[in-house]
Amino acid sequence: MIHYHGAPCPGNSAEQIVFFRRRDCLLSFANREKVSPELLFTYCRTFILDNGSFSYWKNGIATNWDEFYKWVQNWMHHPRFEWFLIPDVIGGTTKENDLLIKDSYFPRYGVPVFHIGEPVKRISFFLDQGFKRFAIGSTPGFELKSMNFWNEMRKVFNRICIDGIPIVKAHGLRMLDPEIVEAFPFSSCDSATASMESIFDYKWKHHYWPRTQSGRAALVADYLEQAQSPSAYQSKPIQIDLGI
């Protein structure tokens, strides 16, 4: 499984290089002006591009998808580029998000997002459209590691697995938590945990703690990267909604 770390890492250009060298990077459209993509993409192993919809939704900012696709086009022929997340509406309707998928530019490189809590049959729409990979994102009411989250994730992997083996690659958005990674056969996951954890000095009181934020981020990343997804999914009980 590939571990994608959200950029930027705290610190100057030299610290960005130290952290992302030979690591896999996710850069969000919302963060594109906070760091030099040329720098990141020169030193990282591979990178993916996030549409930034979660950040924009969280901060109540309107989106401009034409600008996003221009940005993707600028980078999609880079030798380390892998794929990008197709724009989606957080909390939007299935119809709204399906239209964004159908109207997507560069479908060869695009990856649609399945929002936890949506009907699992929507994954069939992705397969019918020819996608070989999709991303799974948490939504309000299905927060990471909540009871609802685990229940819906089991429904997803029951749907996409035959004899425990996924028929399509799955990416977990903000899901690099080892407990999540080790529960499902992901192809990849991402999070900004390493960067976020490196910021808080009060968490680093050991005599030998790293003095730079990039050093702290690397320590957290090394811990996260120890977790690996299973090759096959072992089905677990699902709580059935009785509609009462």
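Things worth noting here:
- Count of residues meeting criterion [open to solvent by 10 Å² or more (accessible area, probe 1.4 Å) and among the small types (Gly, Ala, Ser)] in region 33-52: 1
- Within region 15-71, the set of residues being in contact with a helix residue (DSSP H, G or I) (Cβ under 8 Å, 6 or more places away or on another chain) and small (Gly, Ala, Ser) comprises Ser28, Ala30, Ser36, Gly52, Ser55, Ala62.
- Pairs where the first residue, in region 218-241, is open to solvent by less than 60 Å² (accessible area, probe 1.4 Å) and the second is modelled with pLDDT under 90 and in a loop (DSSP other than H, G, I, E, B), C-beta under 8 Å, 6+ apart: Ala218/Pro210
- Single condition Met76 does not satisfy, out of (1) open to solvent by less than 70 Å² (accessible area, probe 1.4 Å); (2) in contact with a helix residue (DSSP H, G or I) (Cβ under 6 Å, 6 or more places away or on another chain); (3) not acidic (Asp, Glu): (2)
- Boolean, Tyr233 is among the aromatic types (Phe, Trp, Tyr) and at pLDDT 90 or above: yes
- Residues in region 90-106 that are crowded, with 17+ Cβ neighbours inside 10 Å and β-branched (Val, Ile, Thr): Ile101 alone.
- Among the residues making up region 44-84, those that are more than 19 Å from Arg23 (Cβ to Cβ) and among the hydrophobic types (A, V, I, L, M, F, W, C) are Phe54, Trp57, Ile61, Ala62, Trp65, Phe68, Trp71, Val72, Met76.
- Test: residue in region 108-123 that is assigned to a loop (DSSP other than H, G, I, E, B), closer than 28 Å to Cys25 by Cβ, modelled with pLDDT of 95 or more and among the basic types (Lys, Arg): no
- Matching residues in region 145-177 - criterion: being touching a Phe, Trp or Tyr at 6+ places or on another chain (Cβ under 9 Å), among the charged types (D, E, K, R) and under 15 Å from Ala232 (Cα atoms): Arg154, Lys169
- Selection from region 56-95 of residues that are touching a strand residue (DSSP E or B) at 6+ places or on another chain (Cβ under 8 Å) and of a type in the set (A, V, I, L, M): Val72, Met76, Leu85, Ile86, Ile90
- Any hit, region 192-214, residues being within 23 Å of Gly110 (Cα to Cα) and either of a type in the set (S, T, N, Q) or open to solvent by 50 Å² or more (accessible area, probe 1.4 Å) (or both): no
- Residue match in region 56-65 (condition: modelled with pLDDT of 90 or more and either of a type in the set (D, E, K, R) or open to solvent by less than 80 Å² (accessible area, probe 1.4 Å) (or both)): yes
- Test result for Phe149, modelled with pLDDT of 95 or more, under 21 Å from Ser55 (Cβ atoms) and in a helix (DSSP H, G or I): yes
- Pairs where the first residue, in region 156-180, is in a loop (DSSP other than H, G, I, E, B) and the second is among the basic types (Lys, Arg) and surrounded by fewer than 21 Cβ atoms within 10 Å (Cβ to Cβ), C-beta under 8 Å, 6+ apart: Val168/Lys132; Val168/Arg133; Asp177/Lys145
The values are calculated or read from the model by the stated rules, or taken from the named source; none is laboratory data. Only a predicted model underlies this, so the values are computations on that prediction, with no experimental measurement involved. Note: ideal-geometry Cβ built from the backbone for every residue, glycine included; neighbour counts use all protein chains shown. The accessibility values were calculated without ligands, DNA or RNA, using every heavy atom of the protein model including side chains. Shrake-Rupley method; radii C 1.70, N 1.55, O 1.52, S 1.80 Å.
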